[in-house]
């Protein structure tokens, strides 16, 4: 029983260290992405728009059932079907644009952090790393 407590304490300490490391890593990565803050803000806005479109669909179905199916109003029901289709398409487009904007914003950030990593490794005293990471192998 005492061994189990020691293992659990070790697990809690390890989990805490990982969280601290993740915070430092995120802070460093956000430093690379700071130049593109407006694209990340646009991605968050697109995320909210996509979520709103996804959440509006069940509401629209509820309105269609309660107001139009029970009354037998076919014209209004077909109009609700068009609205539902517009919500599906707009939700898809918002998701697609969000992925595109995030990919576009992240690409230069990854490139900058990769170049910094290569420069750091190149300054290591290892002759093998120096040969592998020569000036010719660095990305532009």
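Values in this text are rule-based calculations from the coordinates and carry no lab data. Everything quoted here is computed from the prediction, not taken from an experiment. Virtual Cβ from ideal backbone geometry, glycine too; neighbours counted across all protein chains shown.
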Residues satisfying the stated conditions in region 31-55, i.e. touching a helix residue (DSSP H, G or I) at 6+ places or on another chain (Cβ under 8 Å) and loosely packed, with under 13 Cβ neighbours inside 10 Å: 35
Quick check on my filter: what residues within region 56-77 are in a helix (DSSP H, G or I) and exposed (fewer than 12 other Cβ atoms within 10 Å of the Cβ)? 58, 59, 62, 66, 74, 75
